[in-house]
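Colleague: One structure follows; several queries about it will come next.
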Ligand SMILES: Cc1cc2nc3c(=O)[nH]c(=O)nc-3n(C[C@H](O)[C@H](O)[C@H](O)COP(=O)(O)OP(=O)(O)OC[C@H]3O[C@@H](n4cnc5c(N)ncnc54)[C@H](O)[C@@H]3O)c2cc1C
Ligand SMILES: Nc1ncnc2c1ncn2[C@@H]1O[C@H](COP(=O)(O)O)[C@@H](O)[C@H]1O
């Protein structure tokens, strides 16, 4: 029987474990990171836990070839990695070594003998497809939170050689961390916002609403008004708040996939034909610059 | 020494139509150089200029990627020359066969110092081809790269890490996926487009077997929540705001 492999490079792997457990196969984790990460992974409900040793000044990506060798040697069926750059570097090397398909967007995975059936959202999330793979398959899925600890299996240390990459300097961000995933209400801004100073307007509304502030991708990457961990969508965050208020966001599919699970969606846009107007509960047609202050005032009264 | 940049010629799914059964019709979506790849080309141009070396584009896909329009669209953005693998079997291919063909193309270029790629492709959007390619080449891969410089034989790479950044040193070649905002791509002018027609293009036949592709056994539309789309007019912004607040309170979300 094949083994379901989980690639662990950070604590947030509960999503991978859920998928793995549903497959009902033996599970094995390969851990790249400090010993503590291996020790906590060993209690996460896996059957085996392999650890590549301390990483020193090598980044996670330096162990791509080593991870691929470990997985290739371990009867892989489904190989799971979290949707993070470092984990993708590892699973990419696994797919290369196995010459196996590598896919994103899985919403359901089933196995039947050595056959794996993957249902997934394709083309940025416009449709679903079920694909049959006869042999191993690598899937990148949402990592999720930190798994609940349970009984431990031993940590098996494997000697690994790192590729020639070294971290020279870390530059942590000074931007305040915002708990977007836990926010019940979210106000998000798009390119309809003209200047960084105008964020004050949005912040006042968010405060009146008790909401966290998120954005579309170009607002974080491009104009840089907000940090990169605040943008929503296929490449960014997936959020499920009770209410999502989108200000000046056109609503292209790469953005809206990130909030399909939201309770109520409000779109504020000067363009009545913007795609978001078709994927919302309330379509407010108008200028955010006049509507946002009015809404903040209405919330306070 | 050569800088290689991988770019995809792909349609934008925003312009696709999806039939009720889930079949996607991309015939009205015009292909173009994939949204973020011009950023990688721009970073590559600057690097090649700084190092005084050649910038070679590599692209793989169906037969349409070898058409003059596709070639010129990429070459006019600053490439010196192009290597393409255009083969029916690569139409709509997944990350692994795509990377296998790209590895073949990269293998034809001499003395490659770095392969640059975009953040993610407009159609697949998997963020995976660069790391599979790196795996095939046995090189390290790094993503969300903001800047690259050379220090002797090493590459010094600045990339996003969590909400901050990190400087990484790579001894030897690497595959680097650049961040969407690593550079502002140039707009090709008439002169660039004319010059592009004269730049060398090598078309390679696909060599060897491609890895097996999964078989599509089912299609479905995305089950979207039914949304009310209630229109709120803002001729009177205050009245509109009160209407929305009342509605959200009635929905129990405020
Ligand atoms: C592979 C790939 C991955 C991507 N991933 C993501 C992702 O994860 N997240 C994401 O968000 N995007 C993503 N994108 C980009 C996405 O395709 C869109 O380009 C982006 O979401 C558009 O952002 P926007 O709506 O803010 O800007 P625009 O599309 O420019 O829209 C601005 C909107 O504001 C409206 N507007 C202008 N002025 C006002 C005003 N005064 N008041 C009210 N409305 C106004 C306009 O009518 C317009 O609808 C991705 C793209 C690709 C190719
Ligand atoms: N068919 C292709 N030809 C050349 N480069 C590609 C191809 N597909 C993907 N890439 C590169 O890999 C990046 C990520 O693509 P993806 O993994 O599909 O999201 C793109 O931005 C391109 O730089």
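Colleague: Restricting to bridges with both residues inside the protein assembly as shown, how much of the DSSP beta-bridge set is antiparallel, in percent to the nearest 5?
Modeller: 40 percent
Colleague: What nm value, rounded to one decimal, do you get for the distance between residue A:207 and residue B:251 when each label is placed 7 Å out toward the C-beta?
Modeller: 2.5 nm
Colleague: For a Förster distance of 30 Å, can you work out the FRET efficiency between the beta-carbons of residue A:35 and residue A:1, rounded to the nearest 0.05?
Modeller: 0.50
Colleague: Between residue B:81 and residue B:193, what length comes free when the chain is fully extended (0.36 nm per residue of separation minus the Cα-Cα distance, one decimal in nm)?
Modeller: Separation in residues times 0.36 nm, less the Cα-Cα distance, equals 39.0 nm.
Colleague: Now, a different point. Under the rule of -39500 (n - 2.57) per DSSP H run of 4 or more residues, summed and divided by the residues of chain A, what mean residue ellipticity at 222 nm is obtained, to the nearest 500 deg cm²/dmol?
Modeller: Rounded to the nearest 500, it is -7000 deg cm²/dmol.
Colleague: Compute the long axis of helix A:199-209 from its Cα atoms, compare it with the longest principal axis of the Cα atoms of chain A, and write down the angle in degrees, 0 to 90, nearest 10.
Modeller: 90 degrees
Colleague: Right, another one. Could you let me know the centre-to-centre spacing of segment A:210-247 and segment A:15-29, using Cα atoms, in angstrom?
Modeller: Going from one Cα centre to the other spans 31 Å.
Colleague: Something else about it: Could you give log10 I(q)/I(0) at q = 0.08, 0.10, 0.11 Å⁻¹ for the protein assembly as shown, computed by the Debye formula over C-alpha point scatterers of equal weight, without solvent?
Modeller: For the requested q values the scattering log ratios are -0.54, -0.85, -1.03.
Colleague: Sort A:204-214, B:128-138 for me by packing, meaning the mean count of neighbouring Cβ atoms within 10 Å per residue, highest on top.
Modeller: The peptides rank, most packed first, as B:128-138, A:204-214.
Colleague: Between residue A:287 and residue A:146, what FRET efficiency comes out of the Förster formula 1/(1 + (r/R0)^6) with R0 = 45 Å and r the beta carbon distance, rounded to 0.05? Let's see the in-between values first.
Modeller: Working: r = 43 Å, r/R0 = 0.95.
It comes to 0.55.
Colleague: To the nearest 10 degrees, how steeply does helix A:14-23 sit against the main Cα axis of chain A, on a 0 to 90 scale?
Modeller: 60 degrees
Colleague: Just counting partner chain Cβ atoms within 10 Å, what average do the residues of peptide A:56-69 show around their Cβ?
Modeller: Mean partner-chain Cβ count within 10 Å for A:56-69: 3.
Colleague: Let me ask another. Taking each residue in B:215-222, count the Cβ atoms of any other chain within 10 Å of its Cβ, then average. What number comes out?
Modeller: 6
Colleague: How big is the Kirkwood radius of segment B:84-180, worked out from every pair of different alpha carbons and given in Å to one decimal?
Modeller: 14.1 Å
Colleague: OK, next. How many percent of DSSP beta bridges within segment B:2-204 run antiparallel, rounded to 5?
Modeller: Antiparallel bridges make up about 45 percent of those DSSP assigns within segment B:2-204.
Colleague: Per residue of chain B, what 222 nm ellipticity follows from adding -39500 (n - 2.57) for every DSSP H run with n ≥ 4, rounded to the nearest 500?
Modeller: Only helices count here, giving -8000 deg cm²/dmol.
Colleague: What is the packing order of peptides B:13-21, B:56-64, B:187-195, taking the mean over residues of other C-beta atoms within 10 Å and listing the highest first? Working shown, then result.
Modeller: Values: B:13-21: 14.1, B:56-64: 22.0, B:187-195: 12.1.
Listed from highest to lowest mean packing, they are B:56-64, B:13-21, B:187-195.
Colleague: Can you give me the relative contact order of chain A as a percent, contacts being Cα pairs under 8 Å and 6 or more apart?
Modeller: Result for chain A is 15 percent.
Colleague: Also: Let me have the relative contact order for segment A:185-300, percent, based on Cα pairs under 8 Å that are six or more residues apart.
Modeller: Working: 241 pairs, mean separation 28.9, N = 116.
In percent, rounded to a whole number, it is 25.
Colleague: For peptide B:120-126, how many partner chain Cβ atoms fall within 10 Å of a residue's Cβ, on average?
Modeller: 6
Colleague: How big is segment A:33-114 in terms of Cα radius of gyration and Dmax, in angstroms?
Modeller: Rg then Dmax for segment A:33-114, in Å: 13.4, 42.
Colleague: Taking chain B as the reference, fit the longest principal axis to its C-alpha atoms, fit the long axis of helix B:237-250 to the helix C-alpha atoms, and give the angle between the two in degrees, 0 to 90, nearest 10.
Modeller: Compared with the principal axis, the helix lies near 80 degrees.
All of the numbers you see were taken from the coordinates with simple rules; none came from a lab. These numbers were taken from a predicted model, which means no experiment stands behind them. Please note: Cβ atoms are built from the backbone with ideal geometry, for glycine as well, and neighbour counts cover all protein chains shown.
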